[in-house]
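Data block below; observations after.
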Amino acid sequence: MSDAPPALMVFAGTYAAMVLVPGANFLVVSRASLAGRPIGLAAALGVSAGATANVTAVVIGLLFLSGINPSGDLGWLQLAFCLLYAVLLLRAGISCLLEVWSSRGHAGMAPQAVVQRTGREAFRLGFLTAATNPMSLSFFLASGGLLAAAAGREAMFASPVLVFSVAAGWFGILALLFSAPPARRLYLKMRLAADTCIGGLLAVAGILVLLRVFSRL
């Protein structure tokens, strides 16, 4: 388990980069926050809980895969997880860059009108959106498999805690930003530059993982 801390840091770091990319979870929290801070925070908590449920289901599924053993030796599955991981990172990075390109000239546009009127509605929508997100499911499958390969099964049990911490931190900040008009305007003004950096980093990370896969073939 000596490799567990570095592997968990990589897992948390890549997940943090993924949640920074605007997507369905981002839209749910940002729109809910327009109705006020409590509703925005409820949506953020729902997204965090949904993502945690998502990764927990993946961890349970991975533990039942016959190819995973306590030593973390996944054999050919490790290459498959690496390839899936690389494709997901590349896809997220390229999608983010394309979104930046298509959004030029509309950087100051605010999210559409909020559709949730209560914290309960916002929490439920956030939970369902995150729990059924196919991109998150694929990411957790790939990264969870690599985590098991790098540090053993036991390391995967820490992943739900990390996912909740990262998601709650980011989406909580997002709810606070969008519930305050001055901060929301500043965020929207800087969004294209930030998304360009995030997209580029994810794409580079995907390329590096691909090179790692090819070096092992």
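The listed residues 15, 187 rank as 187, 15 when sorted by accessible area, largest first, using a 1.4 Å probe.
Extending 7 Å from the Cα toward the beta-carbon at both residue 176 and residue 27 defines two label points whose distance is 2.7 nm. Between region 171-201 and region 1-63, the C-alpha centres lie 17 angstrom from each other.
Protein-only accessible surface at a 1.4 angstrom probe places the residues 159, 215, 179 in the order 215, 179, 159, largest first.
In this simple spin-label model, placing a label point 7 Å from the Cα along the Cα-to-Cβ direction at both residue 192 and residue 207 gives a separation of 2.3 nm. The residues of region 152-197 expose, per residue, 48 Å² of accessible area to a 1.4 Å probe. Ranked by solvent-accessible area (1.4 Å probe, protein heavy atoms only, all chains present), the residues 123, 11, 157 order from largest to smallest as 157, 123, 11. Phi-derived couplings, Karplus 6.51 cos²θ - 1.76 cosθ + 1.60 at θ = phi - 60°, listed residue by residue for region 33-45: 5, 5, 8, x, 4, x, 5, x, 5, 5, 5, 4, 5 Hz, with x used for Gly and Pro.
The values are calculated or read from the model by the stated rules, or taken from the named source; none is laboratory data. All of these numbers come straight from a predicted model, not from anything done at the bench. Counting neighbours? That spans all protein chains shown, and the Cβs are built from the backbone with ideal geometry, glycine included. What goes into the accessible areas is simple: the full protein's heavy atoms, side chains included, and nothing from ligands, DNA or RNA. Shrake-Rupley method; radii C 1.70, N 1.55, O 1.52, S 1.80 Å.
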